[in-house]
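Have a look at the structure below before the remarks.
The values are calculated or read from the model by the stated rules, or taken from the named source; none is laboratory data. Worth saying up front: this structure is predicted, and the values here are computed from it rather than measured. Cβ atoms come from the backbone with ideal geometry, glycine included; neighbour counts cover every protein chain shown.
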2 protein chains.
Amino acid sequence: MKGLPSVDRAIRALSRFPGVGPKSAQRMIFHLLRGEDKRADELIHALEGLRDQVGCCRVCHNLAEGERCWVCEDHSRDDTLLCVVEESVDLMAMERAGLYRGVYHVLGGRLNPLEGVEPEHLSFASLQRRLEAGVIKEVVIATNPTVEGEATAHYISQIVTPYIDRVTRLAYGLPMGGELEYLDESTLYQALAGRRSF
Amino acid sequence: MKGLPSVDRAIRALSRFPGVGPKSAQRMIFHLLRGEDKRADELIHALEGLRDQVGCCRVCHNLAEGERCWVCEDHSRDDTLLCVVEESVDLMAMERAGLYRGVYHVLGGRLNPLEGVEPEHLSFASLQRRLEAGVIKEVVIATNPTVEGEATAHYISQIVTPYIDRVTRLAYGLPMGGELEYLDESTLYQALAGRRSF
């Protein structure tokens, strides 16, 4: 922006976020500038809090503000049941669903050799150490239903099977509230292949 | 977010922005957290730059990183021609259009008694001082085509007419590339009322 390098810099920093283009970044910046110093200060403090306080759970790699995340701290959870997810956001989605009462392992991403994400970049080593401890009896694989998620699920199963008899995965099928008419073929294929007795 | 008050705080701070809901704020935060400390630092520094370096032009109230904005610093601009806009973003839109070569006056908003914006909250006093100096020969009113913008335009014209003979305003009419079929009636009304010889 002419004569305003610091505005340009803030717009560039914001437009790197997913879903934020230069236009919406500009709108956000002008909202900040209209709000006097208070709004900017609030956001700066919030971001400093994020940077300084949020880290990784030492056990499961979920986001945590201390050594362990709230799931690992919760002694009422069933620690013989382990769900492997790609990211902390997936863990949160699982928690919102409300059924699961076991613990988690957060990989920190999914295998994607084309983008340079190889097994050593994900938390497979610490997954293996947890399995070796012998407490876990069932592993639920909950990677995303994408090509990379599938490949990652396959890789997880290879690591897990030497230690655990019961390895399961989330079911594929019709999304609740969806209509067959608008459903893609591969989901319908999975729903049919995985049909259950009524 | 369970066990993560600093994430909650950052989500709240971000979702106050226009066009950012809690979902997209959460996506932005997770993008930050995935990017190690570097991304957060960049954004924090950019925001500090905004807070500490961007102020108001002493002459026209446009955003500026010094005493005067880049328009007021540009001696090739015609300072007998003054365009009154609501906000700095409107000035930028005018500049993108590319035709205007005069200077500006940024009001800092529009009159809106229902939301408590009265004349004393906008920069009318300094507009009057600029008119009294006697350099300006024409005032172009470029408020937004809304009810409040209209009211503000009316108020501006009352302030300006004692000093200036030539008070103009942006033309209303068909937007370029639009189709009559989809145009609202009031724009079409204005386009007809303001028709010009071909």
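Can we say B:G3 is closer than 20 Å to A:M94 by Cα, without any contact (Cβ under 8 Å) to a residue 12 or more places away in the chain, facing chain A (nearest Cβ under 7 Å) and assigned to a loop (DSSP other than H, G, I, E, B)? Judged against the criteria, B:G3 is a match. With respect to A:M28, is the statement that it is assigned to a helix (DSSP H, G or I), more than 10 Å from every other protein chain (Cβ to nearest Cβ), modelled with pLDDT under 90 and touching a Phe, Trp or Tyr at 6+ places or on another chain (Cβ under 7 Å) true? No, not satisfied.
Candidates in region A:61-72 are the residues that are more than 8 Å from chain B (Cβ to nearest Cβ), on the phi < 0 side of the Ramachandran plot and part of a loop (DSSP other than H, G, I, E, B); of these, the one that is modelled with the lowest pLDDT is A:G66.
Selection of first residues in region B:161-175 that are in contact (Cβ under 8 Å) with a residue 12 or more places away in the chain and of second residues that are of a type in the set (D, E, K, R), restricted to Cβ pairs under 6 Å at least 6 apart or on distinct chains, gives the following pairs, ordered by first then second residue: B:R166/B:E138.
Return a yes/no flag: does region A:176-194 have any residue that is at pLDDT 90 or above and either closer than 23 Å to B:L33 by Cα or outside any loop (DSSP other than H, G, I, E, B) (or both). No: region A:176-194 contains no residue that is at pLDDT 90 or above and either closer than 23 Å to B:L33 by Cα or outside any loop (DSSP other than H, G, I, E, B) (or both).
Filtered by the rule that a residue be more than 7 Å from chain B (Cβ to nearest Cβ) and either over 18 Å from B:R12 (Cα atoms) or touching a residue at least 12 places away in the same chain (Cβ under 8 Å) (or both), region A:37-60 gives A:G55, A:C56, A:C57, A:R58, A:V59, A:C60.
Here are A:I136, A:I156, A:I141: which of them is surrounded by 11 or more Cβ atoms within 10 Å (Cβ to Cβ), in contact with a Lys or Arg (Cβ under 8 Å, 6 or more places away or on another chain) and at pLDDT 95 or above? When all the criteria are applied, what remains is A:I136. Here is a check on your reading of the model: is A:G149 closer than 25 Å to A:V89 by Cβ and in a loop (DSSP other than H, G, I, E, B)? For A:G149, the condition - closer than 25 Å to A:V89 by Cβ and in a loop (DSSP other than H, G, I, E, B) - is not met.
Confirm whether B:H121 is free of Cβ contacts under 8 Å to residues at least 60 places away in the same chain and within 14 Å of chain A (Cβ to nearest Cβ). Yes: the conditions hold for B:H121. Could you tell me which residue of region B:91-122 is farthest from B:Q158 (Cα to Cα), considering only residues that are under 14 Å from the mean Cα position of the chain (by Cα) and surrounded by fewer than 20 Cβ atoms within 10 Å (Cβ to Cβ)? Per the stated criteria, the residue is B:R96.
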